[in-house]
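J.: Take a look at this one; I'll ask things after.
The values are calculated or read from the model by the stated rules, or taken from the named source; none is laboratory data. Remember, predicted model here, so these are calculated numbers, not experimental data. Keep in mind that these areas ignore ligands, DNA and RNA; they rest on the heavy atoms of the full protein, side chains included. Shrake-Rupley method; radii C 1.70, N 1.55, O 1.52, S 1.80 Å.
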Amino acid sequence: MATDHLSAPEKDERVWLITGASSGFGRAVAEAALAAGDTVVATARRPETLRGLATGYPDHLVPLALDVTDHQRITDVVAEAVRRCGRIDVLVNNAGRGHIGAVEEAADGELREMMELHFFGPAALVRAVLPHMRSRSSGAIVQMSSMGGRFSFAGVGAYSASKFALEGLSEALAHEVAPHGIQVLIVEPGAFRTAFAGNDVLLRSTPLPAYQDTVGPLRTSLPSTDGRQPGDPDKAAAAILAALAADKPPLRLPLGNDAADGVLAHLDSARAEAVAWASVSRGMDVDS
Ligand code: NDP
């Protein structure tokens, strides 16, 4: 495990703060950043899951406990990261999980849990790191959304709602912090081979027979993809590092063939619908 006394990073090394680094994308991004010679403040609900990350990079890893729904802990973790590493260059709001259920099935508590995890937690992290980034006029914020944060379909309303909320916040944020030299990258993966689809909590909503045909198939098909998803999290991590380093970084980055196809199809149909209804949309002026 990494030491408590990290030497200050070299000038061109970056310091990353990554949530949900125990597995999947979080871990892959942490590994890619460490391999690039950067310093990583890797956070997880159970910090013992980060042990393997320190192998090979003991002087570049700060493992810290963080449940992103605990806002006091967010403040403390950001303060500790700045104290130990001197700065935070890249925040990766990655922690998350799926949820399957029709909108009518998803109880209020389930909706709130999704929002706490994918919206209020990331928003609190953004607020905590921004003063440090603004004081240095540089930094990057990576928001792990989903292709389900750009468009939605039956059975993922609660999940999509939380990711849409994150994307809305992040789009505004990008405009606000660009003048301060801070970049925002919204990542929209399709199906990737992480622990996501194997998570039991996916199936918590109590099924109603009325949604057997529309949502029922997803309850079995999504978990059955566990371990067989096409997307490679290491390739996603490499793509995220490359996008951050690009001359013209994107605001949104869909990842995976399914995400690319889905986002393009969604944009086409959204445009076609807006055009088809444009005369109605435009006829609203008091004087028209
Ligand atoms: P994993 O299940 O492999 O990783 C999820 C990570 O989030 C784990 O480290 C988990 O920690 C952590 N986590 C969950 N809840 C909390 C919490 N309250 N506080 C802190 N950490 C938490 O899945 P992925 O790597 O796939 O998920 C990462 C992100 O990618 C998520 O935001 C997800 O929505 C998104 N995504 C994933 C897709 C996929 O197909 N894999 C597709 C689209 C988006 P713990 O080990 O403690 O459970």
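J.: Roll a 1.4 Å probe over the protein heavy atoms and report the accessible area of ASP12 in Å², nearest 10.
T.: Number for this one is 140 Å².
J.: Follow-up. Can you pull the Rg over Rh of segment 148-215, Cα-only, Kirkwood? Before the final figure, lay out the partial values.
T.: Values: Rg = 16.0 Å, Rh = 14.5 Å.
Radius of gyration relative to Kirkwood radius: 1.10.
J.: Can you put ARG14, ARG51, ARG134 in order of accessible area, largest first, using a 1.4 Å probe?
T.: ARG51, ARG134, ARG14
J.: Largest first, how would LEU169, LEU267 line up by accessible area (1.4 Å probe)?
T.: So the residues, ranked largest to smallest area, are LEU267, LEU169.
J.: Still on this structure: Could you check which residue among SER224, SER146, SER162 shows the biggest mean-square fluctuation in a GNM of the chain with a 10 Å Cα cutoff?
T.: Maximum fluctuation in the GNM of the chain, among the listed residues, is at SER224.
J.: Can you list the HN-Hα couplings for segment 208-219, worked out from phi with the Karplus curve (6.51, -1.76, 1.60; θ = phi - 60°), rounded to whole Hz and with x for Gly and Pro?
T.: Using θ = phi - 60°, the values come out as 9, x, 4, 10, 4, 6, 8, 10, x, x, 5, 4 Hz.
J.: Can you send over the carbon and sulfur percentage of the accessible area for the chain, probe radius 1.4 Å, protein chains only?
T.: Taking all protein chains in place, the chain shows 54 percent carbon and sulfur surface.
J.: Taking θ as phi - 60°, what are the ³J(HN,Hα) couplings along segment 275-281 by the Karplus curve (6.51, -1.76, 1.60), each to the nearest whole Hz, with x for Gly and Pro?
T.: Coupling constants for segment 275-281: 5, 4, 9, 4, 5, 5, 4 Hz.
J.: Round to the nearest 10 and report in Å² the accessible area of SER288, as given by a 1.4 Å probe over the protein chains' heavy atoms.
T.: 100
J.: For a bin width of 5 Å, list the pair-distance distribution of segment 59-169 built from all Cα-Cα distances, rounded to whole %.
T.: Using 5 Å bins, I get a P(r) of 2, 12, 21, 21, 17, 11, 8, 5, 2, 0 for segment 59-169.
J.: Would you work out the relative contact order for the chain, in percent, from Cα pairs under 8 angstrom that are 6 or more residues apart? Kindly include the intermediate steps, with their values, before the conclusion.
T.: Details: 503 pairs, mean separation 53.6, N = 288.
Computed value for the chain: 19 percent relative contact order.
J.: Give me the 1.4 Å probe accessible area per residue for the chain, excluding ligands and nucleic acids, in Å².
T.: On a per-residue basis, 49 Å².
J.: Distance from the Cα centre of segment 228-288 to that of segment 136-188, in angstrom?
T.: Cα centroid of segment 228-288 versus Cα centroid of segment 136-188: 12 Å apart.
J.: For segment 142-288, what relative contact order do you get, as a whole percent, if you take Cα pairs closer than 8 Å and at least 6 residues apart?
T.: RCO, segment 142-288: 29 percent.
J.: What percentages, rounded to whole numbers, describe P(r) for segment 177-238 computed over all alpha carbon pairs with 5 Å bin width beginning at zero?
T.: Binned Cα distances yield the sequence 4, 14, 18, 16, 14, 11, 9, 7, 5, 2, 0.
J.: Each residue of segment 167-183 in order: what ³J(HN,Hα) in whole Hz does its phi give by Karplus 6.51 cos²θ - 1.76 cosθ + 1.60, θ = phi - 60°, with x for Gly and Pro?
T.: 5, x, 4, 6, 5, 5, 4, 4, 5, 6, 9, 4, x, 9, x, 10, 9
J.: Shape of segment 147-288 from its Cα gyration tensor (a ≥ b ≥ c, root eigenvalues): rounded if a/c is under 1.5, otherwise prolate when a/b > b/c, or oblate? Don't skip to the answer; put the middle values down first.
T.: Numbers: a/c = 2.08, a/b = 1.14, b/c = 1.83.
In terms of gyration-tensor shape, oblate.
J.: Ok, one more. Pick out which of ARG219, ARG252, ARG83 has the largest mean-square fluctuation in a Gaussian network model of the chain, springs linking Cα atoms closer than 10 Å.
T.: ARG83
J.: Across 10 Å bins from the origin, how do the percents of Cα pairs in the chain run, short distances first?
T.: 6, 27, 34, 21, 9, 3, 0
J.: Output the relative contact order of segment 1-136, whole-number percent, from Cα pairs under 8 angstrom with separation of 6+ residues.
T.: About 28 percent, as a whole number.
J.: Could you rank LYS163, LYS248 by how accessible they are, 1.4 Å probe, largest area first?
T.: LYS248, LYS163
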